[in-house]
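Just so it is clear, none of the values below were taken in a lab; they were calculated from the coordinates. If you're wondering where the values come from, they're calculated on a predicted model, not measured in any experiment. Cβ placement follows ideal geometry from the backbone for every residue including glycine, while neighbour counts extend to all protein chains displayed.
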Amino acid sequence: MAAYGTLAFESVLDNAPALKSLETEPWTLPGARLIQASIEVEREPALAAIPPALHPSLPPYALFAVTEFPESPVGPFRLAQVRIVTRAGTRPRGFLVGAVCDSDVAAAELAARWGYSVVPGEVKLVERHDRWIGTVVRDGATIMQVTCRDPQLINGADIDLVDTLTLARHESESLLMQVDPEYVYHAAHRGHAELEFDSASWGRGLLAGSVRPTSPNVAVCCRVDTDLPTPRFVIDPAKPALLGTRRISAVGEPAD
Amino acid sequence: MKFGIFFELSVPRPWDDETEHSVYMNALEQVRLADELGFDQVWAVEHHFLEEYSHCSAPDVFLSACAAQTKRIRVGHGIVVCVPGFNHPIRIAERAAVLDIISSGRLDLGTGRSATWPELGGFQADPDETKKSWDEYIHCIPKMWTQERFEYQGQYFSMPNRAVLPKPYQKPHPPLWVAVSSPGTEFDAADRGMGALGVSFTSFAAQEQRVKTYRERIANCDPVGEFVNNQIASVNFLYCHPEDEEGVKIGKNMIGTFQYMAGQNAMAKEVYPTSSYPTGGLLAATRRQADGPGDARGAPEGIAVGNPANIIRELKKWEAAGVDRVNFMLNAAEVIPQQRVLDSLRLFAKEVMPAFQKSELAEVGS
């Protein structure tokens with residue numbers, strides 16, 4: 001059967017965010033701008049970067065994204081994320097291996113509520129007529145620049161933005177928290193992906209400098225109203241997701 | 001109603017030097033038995049790069065072996081991917097014609113366009129263009145077969161005046177089919193006078209309506225070939241066992257294994273946003289049906305697992321909905337031991353097939 005991830009997640013748990021609660025209130029995030037590139041990566045390092053609960057997708061690929069949130073309960077912020085696309089059972093999920101945020105307040109809330117492991121840095125999103133560009137700078141060095149070149153208007157309904165899994169701690173438990181926002185598209189474009197990426201600077205060393213993008217595939221850029229919802233599911237990172245997924249008590253959702 | 005079998009040729013890990021050989025040999029043994037038992041067709045898919053899920057990248061070669069080892073069963077070459085990079089239309093016409101000749105006129109040709117990112121990305125295909133290239137291919141291939149010489153200036157290929165050889169054994173040419181997974185593709189088939197291969201819908205009521213619309217549209221079609229193939233085939237899973245509980249249990253294990261393997265592949269829509277691929281592909285509709293709540297036995301509605309009586313009951317629903325053929329997947333990742341697969345085929349032929357042969361005879365007599 002399909003291969004499982006081999007990440008020794010226990011070794012990075014000390015640095016994983018500690019969740020205050022599994023039942024956080026949602027955030028409404030209107031007017032966001034998002035650029036995201038889907039790019040294939042090498043199989044073996046991708047396997048090494050995901051926990052045993054998850055399968056790599058076929059082919060293995062990663063999502064490189066920069067989002068600007070002009071409105072949030074903690075004010076405007078920009079967030080860059082790198083996620084490796086996996087399968088939780090058969091469901092596509094992006095396992096977060098690294099994130100950078102330009103707001104310390106937002107970063108702290110993202111960590112405590114949704115398990116995002118975020119480091120501070122400069123995050124920019126520039127929109128031109130011929131391209132959108134997302135840039136991440138830390139310690140004076142550009143560690144990621146993702147470009148959507150020659151964007152063409154498409155229907156937002158054609159975009160499948162993959163839900164996120166974060167590695168976090170809650171009390172004495174380690175878990176993968178599922179973050180599954182809703183999106184209302186006001187504009188959506190598809191273009192050619194371009195990426196400059198310093199993998200050694202990302203992901204608490206999870207990527208070990210070895211996830212090498214191999215095949216620029218496609219990028220999207222869009223304007224959306226979105227959210228960070230009350231979490232619904234968590235997964236035991238040590239067990240196959242089919243066995244280790246449980247629904248958590250949440251607003252509007254019955255508990256098992 | 002007629003019954004066939006089809007192969008994805010899934011190969012489970014761990015792989016060793018014998019794994020693929022064993023899967024292929026088991027499949028050929030199943031084909032020989034199906035031929036003896038009266039199954040009407042054997043189909044082999046074309047897939048590339050889909051680890052474990054399907055190692056059937058050269059179906060024409062596999063089907064040549066099937067043809068050589070059987071006497072009566074028809075060989076279904078499909079779906080052939082009609083997308084530049086995967087296959088040139090001249091090569092499709094040539095290979096299919098040879099297969100028709102060496103099988104003494106037993107070929108059906110199924111056409112399609114691929115739906116997964118490993119394949120479309122692997123061949124550097126443009127997902128926005130695949131429906132258009134499919135349309136161009138299927139309008140040209142019958143002419144390559146039936147015209148002594150053919151020339152063409154098109155969007156996806158062009159060729160000077162040449163004789164495409166050999167010509168098919170069947171005259172005017174083999175039946176043509178379209179693989180249907182996205183909603184509306186069955187009407188593409190109808191408008192072009194082609195059979196709808198793998199039509200599966202979300203409910204039998206919806207199935208009946210779409211079959212009705214297919215029949216209405218194909219009556220006024222502009223056929224791409226020299227004749228109209230107005231058949232509708234559905235895909236299904238088969239595990240037939242004297243004990244219903246055992247049949248459902250083993251059949252559901254096969255279905256679950258297939259679902260799990262299919263789910264590991266990135267669909268075109270997941271990676272590459274495009275209106276050209278509104279749904280998942282890889283038998284998505286059938287997979288959804290097999291995920292249904294099922295009846296009191298725990299068997300999904302419409303799926304042919306269990307004892308003969310219950311399988312007859314489920315297949316009668318397809319028949320009533322207007323389906324002409326059902327093609328069965330017999331195994332997935334070899335989770336069912338070969339002897340059990342063969343026993344399932346024998347029991348189906350002995351207990352289930354007669355229930356449908358009788359209805360055909362009754363129709364003839366009425």
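Test of the criteria: in the stretch B:1-100, which trypsin sites (Lys or Arg not before Pro) are in a DSSP loop and have at most 13 other Cβ atoms within 10 angstrom of their Cβ? Kindly include the intermediate steps, with their values, before the conclusion.
Details: sites: B:K2, B:R32, B:K71, B:R72, B:R74, B:R91, B:R95; in loops: B:K71, B:R72.
Here the trypsin sites (Lys or Arg not before Pro) that fit, given the DSSP loop and packing criteria, are B:K71, B:R72.
Tally Lys/Arg at +1 and Asp/Glu at -1 over every other residue whose Cβ is under 10 Å from the Cβ of A:D130; what's the total? Working shown, then result.
Details: positive: A:R128, A:R131, A:R149; negative: A:D150.
Around A:D130, the charge tally is +2.
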Response to the item:
note: the stretch B:57-146, Cα-Cα separations exceeding 17 Å make up a percent value of 49 percent
Worksheet, complete the sentence: Taking the alpha-carbon centre of each part, the distance from the stretch A:123-167 to the stretch B:1-59 in Å is 43 Å
Worksheet item: Which cross-chain or sequence-distant (5 or more) residues have an amide H under 5 Å from the amide H of A:V218, H modelled 1.01 Å from N in plane?
Response: A:S38, A:A193
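For chain B, the longest stretch holding no GluC sites (Glu not before Pro) located in a DSSP loop with at most 14 other Cβ atoms within 10 Å is which? All intermediate terms of the calculation are to be shown ahead of the outcome.
On the way: sites that count: B:E18, B:E148, B:E226, B:E243, B:E301.
Counting only loop sites that pass the neighbour cut-off, the longest clear stretch is B:19-147.
For the stretch A:1-101, which GluC sites (Glu not before Pro) are both in a DSSP coil and crowded by at most 16 other Cβ atoms within 10 Å?
Details: sites: A:E10, A:E23, A:E40, A:E42, A:E68, A:E71; in loops: A:E23, A:E42, A:E71.
Here the sparse-neighbourhood loop sites are A:E23, A:E42, A:E71.
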Discussion item. Tell me which of A:P181, A:A193, A:I133 sits at the most positive position along the dipole axis of chain A, charges placed on C-beta atoms (Lys, Arg +1; Asp, Glu -1).
Written reply: A:A193
Discussion item. Just to confirm my numbers, what's the Cα centroid distance between the stretch B:81-152 and the stretch B:159-231 in Å?
Written reply: 14 Å
Worksheet item: Can you give the angle from 0 to 90° between the axis of helix B:338-347 and the longest principal axis of chain B, with both taken from C-alpha atoms, to the nearest 10?
Response: 80 degrees
Worksheet item: How would you rank B:R162, B:R217, going from fewest to most other Cβ atoms within 10 Å of each one's own Cβ?
Response: B:R162, B:R217
Worksheet item: Using a Gaussian network for chain B with springs between C-alpha atoms less than 10 Å apart, which of these wobbles most: B:H139, B:H47, B:H21?
Response: B:H21
Worksheet entry | 5 angstrom amide H check on B:V164, placed H, neighbours 5+ away | B:F150
Worksheet item: Taking N as the number of residues in the stretch A:9-247, what value does Rg over Cα atoms divided by 2.2 N^0.38 Å take?
Response: 0.93
Practice prompt. Would you calculate a helix-derived [θ] at 222 nm for chain B, using -39,500 (n - 2.57) for each DSSP H run of n ≥ 4 and dividing by the full residue count, to the nearest 500?
Written response: -13000 deg cm²/dmol
Practice prompt. Please go through the stretch A:169-202 and write out the chymotrypsin sites (Phe, Trp or Tyr not before Pro) that DSSP classes as loop and that have at most 15 other C-beta atoms within 10 Å.
Written response: none
Worksheet item: What is the mean number of Cβ atoms from other protein chains located within 10 Å of the Cβ atom of each residue in peptide B:263-269, rounded to a whole number?
Response: 6
Item to complete: For chain B, set up a Gaussian network in which alpha carbons nearer than 10 Å are linked by springs, and say which option among B:P118, B:P160, B:P308 fluctuates the most.
Response: B:P160
Fill in: GNM result for chain A, Cα springs below 10 Å: residue of A:F64, A:F95, A:F77 fluctuating most strongly
A:F77
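Using the number of other C-beta atoms within 10 angstrom as an exposure proxy, rank B:I312, B:I101, A:I84 with the fewest first. Spell out each step's value before the answer.
Values: B:I312 19, B:I101 16, A:I84 28.
By the 10 Å Cβ count, ascending, the order reads B:I101, B:I312, A:I84.
Can you sort A:L96, A:L7, A:L13 by how many other beta carbons sit within 10 Å, fewest first? Working shown, then result.
Values: A:L96 26, A:L7 21, A:L13 14.
The fewest-first ordering by Cβ neighbours comes to A:L13, A:L7, A:L96.
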Worksheet item: Is the shape of chain B rounded, prolate or oblate, going by the alpha carbon gyration tensor and its root eigenvalues a ≥ b ≥ c, with a/c under 1.5 for rounded and a/b larger than b/c for prolate?
Response: rounded
Worksheet item: In straight Cα distance, which lysines are under 21 Å from B:K252, not counting same-chain residues fewer than 8 positions off?
Response: B:K316, B:K317
Practice prompt. Give the cross-link partners of B:K269 among the lysines, using a straight C-alpha distance below 24 Å as the criterion and excluding same-chain residues fewer than 8 apart.
Written response: B:K131, B:K132
